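Structure first, commentary second.
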Amino acid sequence: MCDECHSSEPNGQAYRKDIDNTGDSAVRIVNVIQRYPPAVGGSETWCQEVCRYLSKKGYNVHVLTLNINKEEEFWQDALMAETDLAFGKLEFDHGVHIRRYARSLPIHSVHHFLYEKILDRLLNIYFYGPHSLEMYARMWREIRRADIVFLHTAPYPHNYIGFLLAKIFSKKVLIVPHFHPLHPHYEKRSNYWLLRNCDAVITVSQYEKDYLVSKGISKEKLFVTGNGIHPDDYRDTGLEAEAFRAKIRDDYGGQPGDKVVIFLGRKTIEKGVGHLIEAARSLILEMPLKLFLVGPCFEWYNNLYANLSNVEKQHIIEMGVLSHEDKVKLLHLAHLLVLPSKYEAFGIVFLEAWSCGTPVIGTNEGAMPSIIEKEGLVCEFGDSQDLKAKIKQALSDDVKSAEMGSKGKAKVFEKYT
């Protein structure tokens with residue numbers, strides 16, 4: 001915890017004693033989140049890193065989560081390709097205690113009548129899910145024994161259940177909402193009510209904090225922690241990286257003069273991957289380009305990609321989810337990372353790219369301009385022509401691009417470890 005957190009409470013000394021592990025028994029922190037790694041996602045990774053850090057510092061850290069991997073499993077049974085991945089009920093991750101609970105499939109009538117017509121449309125409350133009746137029924141045992149309850153990721157309903165139980169047992173409640181300004185699911189009355197009533201709200205950017213202050217959340221309970229990575233995990237691996245480059249050339253017909261662009265993230269409409277594909281389809285007619293699309297896929301994206309021609313697929317390449325090691329090697333190989341997203345609380349993939357000396361492009365939405373600053377370029381979200389122009393600008397000036405990547409790497413070491 002930052003020192004600022006200690007002084008924000010009316011009784012600063014009492015609060016310091018609450019959160020510092022200075023006694024004989026470790027402070028017990030119970031985290032509640034929708035998924036936990038190996039599930040891929042920014043908030044999931046943030047939770048894991050913070051939990052591991054606190055555990056290493058001597059805190060007694062617990063995580064309550066669902067036993068699902070892919071985001072599609074929020075609403076349906078696991079895909080056949082996923083059925084060989086099974087989570088245990090109780091796991092340990094670098095000293096962190098993880099309890100996974102069975103996800104409850106949505107009931108059609110409840111979903112459309114109660115959640116949509118009454119809660120959402122009438123009361124402006126997001127409560128669609130994912131849900132786990134098993135977790136709700138057993139969560140009270142963990143929260144009763146907690147010193148601090150740490151909620152993760154608006155607008156999911158586990159936060160409301162966790163908050164109410166924490167208040168019943170008179171526990172301190174923190175939340176890190178990873179808030180996406182202007183996203184309709186986040187801009188609900190219920191989310192702002194929750195943030196106003198938690199004891200502290202952790203934001204990952206100054207932009208997010210300023211936005212929440214403008215929406216009536218007390219600035220005294222808002223604390224900016226930022227995001228962070230381990231730079232040592234992103235070093236060039238020498239001969240291994242060279243072997244990976246050779247494999248990429250062999251597998252995908254790469255040529256020495258090719259410009260390599262990467263998209264890294266969940267392939268959803270809001271991430272702008274469709275706009276990137278549209279820009280790339282035009283760019284490959286003008287310059288030697290390989291676009292590698294890395295991250296979890298969704299049905300709409302699979303349909304979009306299937307409609308590309310065979311020639312286009314030689315230049316616009318679906319990679320799926322890569323291991324961390326292969327992701328790092330690809331980032332070192334790349335000339336540019338592009339995340340043309342509409343909603344980003346931060347954009348940790350920018351840090352990953354910068355750590356490899358790779359310049360970035362984001363959009364002018366949300367926190368991205370304040371994170372990228374002068375160490376990259378921004379475009380208009382949804383404007384594939386503007387995106388194409390910015391990609392072409394970055395790839396046509398090697399000196400300027402190298403400078404942006406180098407300055408981005410320095411910024412990571414200075415601010416984001």
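The values are calculated or read from the model by the stated rules, or taken from the named source; none is laboratory data. No experiment lies behind these values; they were computed from the predicted model shown. Note: ideal-geometry Cβ built from the backbone for every residue, glycine included; neighbour counts use all protein chains shown. SASA here: full protein model, heavy atoms, side chains in, ligands and nucleic acids out. Shrake-Rupley method; radii C 1.70, N 1.55, O 1.52, S 1.80 Å.
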Fill in: Beta bridge orientation in the chain: antiparallel %, DSSP, nearest 5
10
Worksheet entry | Rounded D (µm²/s) - region 105-161, Kirkwood Rh over Cα pairs, Stokes-Einstein at 37 °C, 0.692 mPa s | 259
Worksheet item: Ordering S43, S214 from largest to smallest accessible area (1.4 angstrom probe), what's the sequence?
Response: S214, S43
Worksheet item: In whole angstrom, how long is each semi-axis of the equivalent ellipsoid of region 120-222, when you take the square root of 5 times every eigenvalue of its Cα gyration tensor and sort them from largest down?
Response: 22, 17, 11
Item to complete: Kindly provide the Kirkwood hydrodynamic radius of region 170-212 in Å, to one decimal, from all pairs of distinct alpha carbon atoms.
Response: 10.9
Worksheet item: Can you give the convex hull volume per residue for the Cα atoms of region 257-354, as a whole number of Å³?
Response: 95
Item to complete: Work from the charge dipole of region 174-329 (Cβ charges, +1 for Lys and Arg, -1 for Asp and Glu, about the Cα centre) and give the residue of A279, T237, V204 farthest towards its positive end.
Response: V204
Worksheet item: To the nearest whole percent, what portion of all C-alpha pairs in region 165-323 is separated by more than 24 angstrom?
Response: 56
Response to the item:
At 10 °C in a medium of viscosity 1.306 mPa s, region 286-417 has a Stokes-Einstein diffusion coefficient, with Rh taken as the Kirkwood radius over alpha carbon pairs, in µm² per second, of 103
Worksheet item: Hey, could you pull the Cα Rg and Dmax for region 253-296, both in Å?
Response: 11.2, 33
Fill in: Compactness index (Cα Rg / 2.2 N^0.38 Å), region 313-356
1.25
Discussion item. Kirkwood hydrodynamic radius, region 194-271, all distinct C-alpha pairs: what's the number in Å?
Written reply: 17.1
Practice prompt. Quick one: among L322, L276, L222, which has the greatest mean-square fluctuation in a GNM of the chain with alpha-carbon springs under 10 angstrom?
Written response: L322
Worksheet entry | With at most 14 neighbouring Cβ atoms within 10 Å, loop GluC sites (Glu not before Pro) (DSSP) excluded, longest segment of the chain | 1-285
Worksheet item: Per residue of the chain, what 222 nm ellipticity follows from adding -39500 (n - 2.57) for every DSSP H run with n ≥ 4, rounded to the nearest 500?
Response: -11500 deg cm²/dmol
Discussion item. So if I average 1/r over every pair of distinct C-alpha atoms in the chain and take the inverse, what Kirkwood radius in Å does that give?
Written reply: 22.7
Worksheet, complete the sentence: At 25 °C and 0.890 mPa s, the Stokes-Einstein diffusion coefficient in µm²/s for region 230-309, with hydrodynamic radius from the Kirkwood sum on alpha carbon pairs, is 169
